[in-house]
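Written out below as structure tokens is the structure these notes cover.
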Amino acid sequence: MEYLTRIWNILQVAFGLGFVIFLHELGHFLLAKWNDVKVEKFSIGFGPTLFGFTRGETEYVLAAVPLGGFVKMLGEGIEEGETKTSDPRAYPNKSVGARMAIISAGVIMNLILGLACFVYAYGHGMEEIPAHLGGVLAGSPAYEAGLRTGDEIVAIDGRKDVSFTNLMLKVQLSREGQSIRFDVKRPGHEGLISANIVPRREASRDAPTIGVLQSSSLELGDPPTERLPGNTGKELTSGDLKPEDTVVAAGPEGETPEPVATVQELNSVLARYRERPVQIVAQRSSENANSTPGPRPAERVSAILPPNHFISFGIRLTMEPIESIQGGSIAEKAGFRKGDVIKKVNDAEDFDPMTLPDLCYKHAGKPMAFVVERPSPGGLPAKAVELKVTPDDTPPWTEAIAEQSLTEPQEIPGLGLAYQVRNKVAAVEPGSPAASAGLKAGDVINMLTFTPVESAAMKKQKIKPTPIKFRFDGKEKNADWPATFAFLQLEAGTKYELTLNGSSQPLEITPQVDASWFHPLRGLRFVREFRKLPPLPASVALRRGFDDTVESVLGIYGMLRSLIFGRMSMKNFGGPVMIADMAYHAAKTGLTKLVHLLGLLSINLAVLNFLPIPPLDGGQMVFLMAEKVRGKPLPESALAYGTWAGLFLVLGLMLYVLVQDVLRLFF
């Protein structure tokens, strides 16, 4: 049955992509017939003919290479004699206006198809990613503008009904220095909060970003739990959690669990009782609860998750100045500034910058005394400033690590400030793994090599784990210690090596579980949050579909502009392999998702095909506009050179995206 389902999904993808191309060429075909132009060939695809027949004066063909199609009209082309034919039904002998209509018809058909697909999707109820923030990266533009984990973006530059996809698109296609207004709904806050944020293109990113992450739902993934490196419990769970179960309550073992509605609420419970076993209560779907069809009452199951600890090497690294302060935060109101260096915390000078977030969390609601060294203007000696501050109970170590980036500084969520931790050893704990390996104060860690444990997914795909290298030499796209350390707490490893002081010989080191330092997360795995929209009335579906169509068209031109000005990397491009893969996954999700994706592809085809590059439709339109201005066709030589130059450009782009597909597929 699974095999038949796979074949059916592939057939849906093939038919859908073929229909997008077919409709484009049908536009050219119908307008050519409307203007009494003889159509010699109607082809879907290029290359050798797989299937074809002739009806009337036109040959209809399905070709072997499904990367487009064409309509061959009498007299079309640059070959000698074709454009000079005297046949009144030849394409070159029609008026410029008629030829413009024929050329633009394919684009118009694809825009109409895109709109129709969007309206269909909204009319039948579709899934979208809500604009809930599952994380705000310390030091990012969103962080400094005051956005927080748990916020919901309800409008972007005045547009309402926005999704996380709309948010990412708006940010990625922003111009240099462009400010975007976000209207934010915050739990526990009356009214909306407005923030103007300028996106930033970082060296480790392929596009501009504001530093926000998508939120997770409370629905458990597959597998629902995983053993973390610091989990010392004999059994990860003593319950029967299954994929698609939804967590609804949590609390310390032996007490009544409290209801939780978001991942942030759950993380708050896990952090509050981080030193105790926690009971997780989940609601089971009817599919998991019963093997027989038909509705069944909701079933609840529970599991006990043991405490989890940090793993560490037993070193204290060097604290750097405060790098970022969250807008509207406790730290900002208390008088902390960028560039301040924290020297004392509650009169202690030997605090560890990596455990400082936990220290502040333990003092939530209680005043703390900080002494910072503040730079003085004009090269004068720095001065010591004492600051009194009371942290809140925002838990540390619960936000997701940014994908494709390990350059986030260390954040104290309870204060709203972040600082970098330099890879220079300040002290080594006696009897620790670092001491056993021979590390000493003053050593500089240049690289950490980490070999992950072979996961079930790796075994299934027959992929052997390969070492991951984290470099700390300060160059672009390399890692920083805080983000690397956070990553190690969530990923079990079999081998760890440190390279020190520029040496080429690494030291093997095995981190140990810190029995006194508890990590709030317990190994629960959640799927990303999606929102199921109900079927919308026709008028509302048409309005939202029209908005999406306009945004998609402008978005493609914005992407091209960003590529030209270096705001976006060419690595974001994909070719037929990526398109087919996206379409296949959409087909597995359901027809509505596939139709919505086909709408996006149809609009992409329309816009890209109308770029002013011969032999694309847009290039032909440029030739026709020049002919209209001149009052006569362009010289044959100009048409030939322009067409060949455009053809080489298009083929070069096709080759590039195919290479990107291969690299993405294998690496």
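Brief remarks on what is shown
- Reach of residue 242 by Cα under 20 Å, taken over lysines that are not fewer than 8 positions away in the same chain: 234, 460
- Each of the trypsin sites (Lys or Arg not before Pro) that DSSP puts in a loop and that has at most 10 other Cβ atoms within 10 Å breaks the chain; the longest unbroken stretch is 1-233.
- Of the residues 652, 563, 280, the one whose Cα sits farthest toward the positive end of the charge dipole of the chain, with +1 on the Cβ of Lys and Arg and -1 on the Cβ of Asp and Glu, is 652.
- Radius 9 Å from Cβ of residue 444, net charge of other residues (Lys, Arg +1; Asp, Glu -1): +1
- Counting neighbouring Cβ atoms within 10 Å and putting the fewest first, the residues 126, 559 line up as 559, 126.
- Under 17 Å from the Cα of residue 38 - lysines, other chains or at least 8 residues apart: 72, 84, 94
- Which listed pairs, of 170/388; 366/424; 469/532; 170/459; 383/424; 338/362, have C-alpha distances above 30 Å, in listed order: 170/388; 366/424; 469/532; 170/459
- Amide H contacts of residue 528 (H built 1.01 Å from N, under 5 Å, at least 5 apart or other chain): 217
- Sequence-ordered 3J(HN,Hα) estimates for the range 243-260 from the Karplus curve with 6.51, -1.76 and 1.60 and θ = phi - 60° stand at x, 6, 5, 10, 5, 10, 7, 7, x, x, 4, x, 10, 5, x, 9, x, 10 Hz, glycine and proline given as x.
- Equivalent-ellipsoid semi-axes of the chain, from the Cα gyration tensor, Å, largest first: 55, 30, 25
- Among 229, 513, 169 the positive-end extreme of the charge dipole of the chain (Cβ point charges): 169
- Annotation: amide H-H contacts under 5 Å for residue 468 (H modelled 1.01 Å from N, sequence separation of 5 or more, or interchain): 450, 451.
- Residues 578, 621, arranged from fewest to most other Cβ atoms within 10 angstrom of their Cβ, appear as 578, 621.
- Scalar couplings 3J(HN,Hα) for the range 145-156, obtained by applying the Karplus form with A = 6.51, B = -1.76, C = 1.60 to θ = phi - 60°, are 7, x, 5, 9, 4, x, 5, 10, 7, 9, 7, 10 Hz; x denotes Gly and Pro.
No lab work stands behind these numbers, since they all come straight from the coordinates. Fair warning: this is a prediction, and the values are worked out from it, not measured in the lab. Reconstructed Cβ throughout: ideal geometry from the backbone, glycine too, with neighbour counts over all protein chains shown.
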